[in-house]
Ligand code: SF4
């Protein structure tokens, strides 16, 4: 309840400026009431206030800095607040090469994140190992954790990172609020040995 | 290639001091290069540092020449910043027993360079204060820069040889 | 049992040391470095650095790639200033092949390299600002990196991992838009840099946080093989551009700034001054370019310089050269060569051994970040934890270069 109230205030504030507001989810509207499913409302709220955890290891991390910077401004999508603590983060953005030495750390960070959590693999290295088909580099982070969105590029342009972020928002919006209870999700995590 | 006078000087001085121990002197692209032996390497390095003013250790690395009697070359690059001169020293050691005295007593900065060389080539620097792997995981088991080890991870299962024409 | 209370084994509870694991993904370290620190209160008693968290085996890959395909690898060494690495590598190969470059190409290279030096120093200095609590500086100057990226984009099509130039020159001439953008940058950047300096250089808080912190003497710095701005901050005027000029740096008039005490403030000042000098160099290069014959952007060495695509499709000879170069079958002398350039962080060296095969027999990168960073743990002893953090940012350790 509190969450929705806060959003209302937010809408009010935004309405006063020139910026467009997010569309309301489909529902039944009448005089004095608006009915929709709770999942949709929560999805809407969540998707516009995602806290990313930037797991930036190398070159793609520099492009992420550009994305965060004033020029591209990821904050426009409700991701102003970077959460360096996994506990409060919603999206794990893995940017850069993950070496095998790093893989356990990455998995640990993922496990520490609270549900609901999403993962975005930014760049060729995080998605597939990229140009480093070597003994020391993990061939894609999907070997250790499940990934929701892959962003190609070496490094992806900030626009691509923003696009990937919007795909995450789409996922968040349209997902059942109880994803973590589904058998599919449990199976998926089981495959990675994560309880 | 013609020897420059500066390089010539150094060469003469080194031969005076170490005689037969300084061999295979050459000068590729103006950089004085010679080969010495592991029993005198530390003396050579200290002599170069103290007497001949090569006070800056640019780099330590190694090269692997499989199949030779002395299959691993440890390469030192030194720099004399005042005379703007560089020098390269090589020591060939055997592949079976790759040991060489450490240069950490001459330059503290040699520490990580030697650790890296140990990690990648397995060269054991005797007397090194902390000879552990530095870049790779401790349980890697091999020294990956040796020529016999492949570049790709041999444990990969998703990469079928037939798709790569192998 | 209450786990929140530490159990003191010693009689004096004050003597208890705390072990802090800083990294490898700590937000304050700007990269993947792990330091296990023993803390006595806020003071660091001892520390152990662990690196290698993004070891990517560049040197091993390089043994499996023809010369051409190594350029993209060098991009990813110090990714804050990729073009310097690219051109360092090109110049190494050119040295091996004894290619003499036309002056115009040299000057074009100087422009690009100095732009990337500015980009590199922007990152470092704004991050020092950020870590001392001045986030504004970061947001403020960072957009000029964006402008530099736009220039790179105009020249080579990429922003960060530029892969700029070819062995033997550039892939294409700079177009008018690129020159216009450089001019615009030269007009706007000095103002912003001045403002940036006004924000920090005489700022009491900033000076208190940085001056006198992490002082290093010349002797220690040389002992630990430091190079680059870090060494110059201690007072040694070693700059590869001056001591071993490459790419016609001898034609330019610029100064090598040095510090006195090697503390963080000096490093900051040295980097700032280097940005001013870089601007100066670029201005001179633009003037010099005017006197050079137009349209030359590569050396006349068809056997080493990748021919343009339309030639490859229409001309037998070009096709053969293209094939040979791409497959790594060029006639390179069997020799070894060491070439150093002044990278953003110091002397970036390429030690190349060629045995006449398709690929280098051995390629070693002398990576300044790697060599500079080894002093971090010994240096931190006795330092406050918060000072150690800004010390690390002022060393500008780039993980890609650190781990190779
Ligand atoms: S995908 Fe490319 S730019 Fe990104 S981390 Fe990997 S090598 Fe660097």
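The values are calculated or read from the model by the stated rules, or taken from the named source; none is laboratory data. These numbers were taken from a predicted model, which means no experiment stands behind them. Positions of Cβ are backbone-derived with ideal geometry, glycine not excepted, and every protein chain shown enters the neighbour counts.
Based on this model, can you work out whether residue C:313 counts as on the phi < 0 side of the Ramachandran plot, within 30 Å of the chain's Cα centre (by Cα) and without any contact (Cβ under 8 Å) to a residue 40 or more places away in the chain?
no
Can you name the helices (runs of 4 or more DSSP H) wholly within segment C:318-404 that have at least 2 residues being in contact with a helix residue (DSSP H, G or I) (Cβ under 6 Å, 6 or more places away or on another chain) and surrounded by fewer than 20 Cβ atoms within 10 Å (Cβ to Cβ)? Explain how you work it out, then say what you get.
On the way: elements: C:368-373, C:376-380, C:385-395, C:399-403.
Filter on segment C:318-404 gives an empty set.
Condition first: part of a loop (DSSP other than H, G, I, E, B), touching a helix residue (DSSP H, G or I) at 6+ places or on another chain (Cβ under 7 Å) and over 23 Å from residue C:176 (Cα atoms). Now tell me which residues in segment C:270-310 satisfy that.
C:302, C:303, C:304, C:306
State whether one or more residues within segment C:176-187 are crowded, with 20+ Cβ neighbours inside 10 Å and under 30 Å from residue C:379 (Cβ atoms).
no
Regarding residue A:146, is this residue more than 11 Å from the ligand (Cβ to nearest atom) and in a loop (DSSP other than H, G, I, E, B)?
Taking the combined requirement at face value, the residue satisfies it.
When only residues in segment B:124-166 that are touching a strand residue (DSSP E or B) at 6+ places or on another chain (Cβ under 8 Å) and farther than 25 Å from residue C:399 by Cα count, which is surrounded by the fewest Cβ atoms within 10 Å (Cβ to Cβ)?
Step by step, filter segment B:124-166, then rank; the result is B:126.
If a residue must be more than 11 Å from chain C (Cβ to nearest Cβ) and either out of contact with any strand residue (DSSP E or B) (no Cβ under 7 Å at 6 or more places or on another chain) or in a loop (DSSP other than H, G, I, E, B) (or both), how many such residues does segment A:78-108 contain?
Here the count works out to 9.
Given the structure, is residue C:266 crowded, with 19+ Cβ neighbours inside 10 Å, within 14 Å of chain B (Cβ to nearest Cβ) and within 19 Å of the chain's Cα centre (by Cα)? Talk me through it step by step, then tell me what you get.
On the way: crowded, with 19+ Cβ neighbours inside 10 Å: yes; within 14 Å of chain B (Cβ to nearest Cβ): no; within 19 Å of the chain's Cα centre (by Cα): yes.
Against the criterion (crowded, with 19+ Cβ neighbours inside 10 Å, within 14 Å of chain B (Cβ to nearest Cβ) and within 19 Å of the chain's Cα centre (by Cα)), residue C:266 does not qualify.
Do we have residue C:127 as surrounded by fewer than 21 Cβ atoms within 10 Å (Cβ to Cβ) and either touching a helix residue (DSSP H, G or I) at 6+ places or on another chain (Cβ under 6 Å) or modelled with pLDDT under 90 (or both) here? Explain how you work it out, then say what you get.
Numbers: surrounded by fewer than 21 Cβ atoms within 10 Å (Cβ to Cβ): yes; either touching a helix residue (DSSP H, G or I) at 6+ places or on another chain (Cβ under 6 Å) or modelled with pLDDT under 90 (or both): yes.
The answer is yes for residue C:127.
Of all the residues that make up segment C:137-170, how many are under 17 Å from residue A:67 (Cα atoms) and either part of a loop (DSSP other than H, G, I, E, B) or out of contact with any helix residue (DSSP H, G or I) (no Cβ under 7 Å at 6 or more places or on another chain) (or both)?
8
Return yes when residue B:105 is farther than 16 Å from residue C:49 by Cβ and away from chain C (no Cβ under 14 Å) and no when it is not. So that I can check it myself, show each step before the final result.
On the way: farther than 16 Å from residue C:49 by Cβ: yes; away from chain C (no Cβ under 14 Å): no.
Spelling it out, it is not the case that residue B:105 is farther than 16 Å from residue C:49 by Cβ and away from chain C (no Cβ under 14 Å).
In the list A:42, A:111, A:62, which residue meets the criterion of being more than 16 Å from the ligand (Cβ to nearest atom), in a helix (DSSP H, G or I) and within 30 Å of residue C:404 (Cβ to Cβ)?
Of the residues listed, the single one that is more than 16 Å from the ligand (Cβ to nearest atom), in a helix (DSSP H, G or I) and within 30 Å of residue C:404 (Cβ to Cβ) is A:111.
Checking residue A:146 against (1) in contact with a strand residue (DSSP E or B) (Cβ under 7 Å, 6 or more places away or on another chain); (2) at the interface with chain C (Cβ under 10 Å from one of its Cβ atoms), which test does it fail?
Evaluating residue A:146 over (1) in contact with a strand residue (DSSP E or B) (Cβ under 7 Å, 6 or more places away or on another chain); (2) at the interface with chain C (Cβ under 10 Å from one of its Cβ atoms) leaves (2) as the failure.
In segment A:126-137, what residues are within 14 Å of the ligand (Cβ to nearest atom) and either outside any helix (DSSP H, G or I) or within 11 Å of chain C (Cβ to nearest Cβ) (or both)? Even if it seems obvious, please write down each step before you answer.
In the first step, residues of segment A:126-137 are kept if they are within 14 Å of the ligand (Cβ to nearest atom); the result is A:126-134, A:136-137.
Of everything in segment A:126-137, those that are within 14 Å of the ligand (Cβ to nearest atom) and either outside any helix (DSSP H, G or I) or within 11 Å of chain C (Cβ to nearest Cβ) (or both) turn out to be A:129, A:130, A:131, A:132, A:133, A:134, A:136, A:137.
Take the residues in segment A:65-77 that are away from the ligand (no atom under 16 Å from the Cβ) and touching a residue at least 60 places away in the same chain (Cβ under 8 Å), then tell me which one is farthest from the other protein chains (Cβ to nearest Cβ).
Applying the filter and picking the extreme gives A:77.
If I ask for residues that are more than 14 Å from chain A (Cβ to nearest Cβ) and either within 16 Å of the ligand (Cβ to nearest atom) or assigned to a loop (DSSP other than H, G, I, E, B) (or both), which ones from segment C:90-121 would you list?
Result: C:98, C:99, C:100, C:101, C:102.
Please count how many residues of segment A:149-176 are in a strand (DSSP E or B) and either within 11 Å of chain C (Cβ to nearest Cβ) or within 14 Å of the ligand (Cβ to nearest atom) (or both).
So the answer is 2.
Let me confirm something: among B:124, B:147, B:159, which residue is at pLDDT 85 or above and facing another protein chain (nearest Cβ under 9 Å)?
The unique qualifying residue is B:147.
If a residue counts only when it is modelled with pLDDT of 85 or more and away from chain C (no Cβ under 11 Å), which strands (runs of 3 or more DSSP E) contained entirely in segment B:1-88 have at least 1 such residues? Spell out the reasoning first.
Values: elements: B:23-26, B:32-36, B:56-64, B:72-80.
Passing ranges, in order: B:23-26, B:32-36, B:72-80.
Which of the residues spanning segment A:47-59 are in a helix (DSSP H, G or I) and within 12 Å of chain C (Cβ to nearest Cβ)? Show your work before the answer.
Pass one, segment A:47-59, residues in a helix (DSSP H, G or I): A:47, A:59.
Correct list: A:59 only.
Within 11 Å of another protein chain (Cβ to nearest Cβ), surrounded by 18 or more Cβ atoms within 10 Å (Cβ to Cβ), touching a residue at least 24 places away in the same chain (Cβ under 8 Å) and within 16 Å of the ligand (Cβ to nearest atom): which single residue out of A:140, A:123 fits that description?
Working: A:140 fails: touching a residue at least 24 places away in the same chain (Cβ under 8 Å).
Answer to the selection: A:123.
Please go through (1) buried (at least 16 other Cβ atoms within 10 Å of the Cβ); (2) over 19 Å from residue C:51 (Cβ atoms); (3) out of contact with any helix residue (DSSP H, G or I) (no Cβ under 9 Å at 6 or more places or on another chain) for residue B:85 and return the number of the only condition it doesn't satisfy.
Of (1) buried (at least 16 other Cβ atoms within 10 Å of the Cβ); (2) over 19 Å from residue C:51 (Cβ atoms); (3) out of contact with any helix residue (DSSP H, G or I) (no Cβ under 9 Å at 6 or more places or on another chain), only one is false for residue B:85: (3).
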